[in-house]
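The values are calculated or read from the model by the stated rules, or taken from the named source; none is laboratory data. Everything numeric in this text was worked out from a predicted model, so none of it was measured. We place every Cβ from the backbone using ideal geometry, glycine too, and count neighbours over all the protein chains shown.
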């Protein structure tokens, strides 16, 4: 947990009230900056999703600027450790992709989803390659915001459990405007926030959970063709047909609207909690 020690050396400390407000302001600043700089570019229709996701880069930059120039905090304090960054990111990608795939296969097994076709072609692969980068930017930005800055800030000022709760609720709240939102997706988003904070504690770096977050979204939208948190992600390698009740198929929110995802995340949270806090070291 060296990132917490680094965060503790910051010039200012913000607890569970001020830290979420600052995080939301940084989110808005990043979005406005990105829209201003990228919104004026002539975008081919096929690249719209790429630029929408690339816009998240400016959220990351806003957080880094705040941490470095205002808090006088080392980048390690917001989880941006340099050691093993690429390795941890790739391992996170593997975990996120495998985790999402297992959830989809369980949804197929229980009859909530049917695989209807495969679309592997040179054009699809060429379109998929830049989306790998775009999803990585998007997942990384949300993790630096919710875990790297917010969780670390609250954990240092208050406690680790309070940091987990506050950052998880904040993560679910910033998705309130998404299509298809209901009780199960809100629960799923909150659980993912808890899982992400525990993963961050386990690895000591934001890179691993950033990769997992990116892979989850990428596989959900552009491998299996589900909506990603209620948003259409365009073409995918595998076509799926959602059938049955929304609590099983995910409905308009995608895999995150299914109790399969909720249950799977709860199991991972239970294991991480045991490993971090209960198992004798």
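Within segment 51-84, restricting attention to residues that are surrounded by fewer than 16 Cβ atoms within 10 Å (Cβ to Cβ) and under 14 Å from residue 204 (Cβ atoms), the residue that is modelled with the highest pLDDT is 84. Selection of segment 229-259 for residues being surrounded by fewer than 23 Cβ atoms within 10 Å (Cβ to Cβ), assigned to a helix (DSSP H, G or I) and at negative phi yields 246, 247, 248, 252, 259. Evaluating residue 264 against the criteria (1) in a helix (DSSP H, G or I); (2) without any contact (Cβ under 8 Å) to a residue 12 or more places away in the chain leaves one unmet condition, (2). Can you find a residue in segment 109-132 that is surrounded by 18 or more Cβ atoms within 10 Å (Cβ to Cβ), touching a strand residue (DSSP E or B) at 6+ places or on another chain (Cβ under 8 Å) and more than 17 Å from residue 59 (Cβ to Cβ)? Yes, segment 109-132 contains a residue that is surrounded by 18 or more Cβ atoms within 10 Å (Cβ to Cβ), touching a strand residue (DSSP E or B) at 6+ places or on another chain (Cβ under 8 Å) and more than 17 Å from residue 59 (Cβ to Cβ). Can residue 186 be described as outside any loop (DSSP other than H, G, I, E, B), touching a helix residue (DSSP H, G or I) at 6+ places or on another chain (Cβ under 8 Å), under 17 Å from residue 175 (Cβ atoms) and without any contact (Cβ under 8 Å) to a residue 24 or more places away in the chain? Taking the combined requirement at face value, the residue satisfies it. If you check residue 195 against the conditions, is it surrounded by fewer than 20 Cβ atoms within 10 Å (Cβ to Cβ), touching a helix residue (DSSP H, G or I) at 6+ places or on another chain (Cβ under 6 Å) and at pLDDT 95 or above? For residue 195, the condition - surrounded by fewer than 20 Cβ atoms within 10 Å (Cβ to Cβ), touching a helix residue (DSSP H, G or I) at 6+ places or on another chain (Cβ under 6 Å) and at pLDDT 95 or above - is not met.
Any residue that is out of contact with any helix residue (DSSP H, G or I) (no Cβ under 9 Å at 6 or more places or on another chain) and within 23 Å of residue 264 (Cα to Cα) - is there at least one of those in segment 146-163? Scanning segment 146-163, I find no residue that is out of contact with any helix residue (DSSP H, G or I) (no Cβ under 9 Å at 6 or more places or on another chain) and within 23 Å of residue 264 (Cα to Cα), so the answer is no. Going through segment 65-85 one residue at a time, which ones are part of a helix (DSSP H, G or I) and touching a residue at least 12 places away in the same chain (Cβ under 8 Å)? Of everything in segment 65-85, those that are part of a helix (DSSP H, G or I) and touching a residue at least 12 places away in the same chain (Cβ under 8 Å) turn out to be 66, 67, 70, 76, 77, 78, 85. Mind listing just one residue for me: the one in segment 160-175 that is over 15 Å from the mean Cα position of the chain (by Cα) and farther than 24 Å from residue 68 by Cα and, of those, surrounded by the most Cβ atoms within 10 Å (Cβ to Cβ)? Applying the filter and picking the extreme gives 165.
Determine if segment 220-228 includes at least one residue that is buried (at least 21 other Cβ atoms within 10 Å of the Cβ), closer than 22 Å to residue 27 by Cα and in contact with a helix residue (DSSP H, G or I) (Cβ under 8 Å, 6 or more places away or on another chain). Yes.
Only residues that are in a helix (DSSP H, G or I) and more than 17 Å from residue 274 (Cβ to Cβ) were counted in segment 164-183, giving 10.
In segment 143-159, the residue that is nearest to the chain's Cα centre (by Cα) out of those that are assigned to a helix (DSSP H, G or I) and more than 23 Å from residue 56 (Cβ to Cβ) is 155. Checked against the criterion of being farther than 17 Å from residue 56 by Cα, under 14 Å from the mean Cα position of the chain (by Cα) and assigned to a helix (DSSP H, G or I), the candidates 197, 212 yield just one match: 197.
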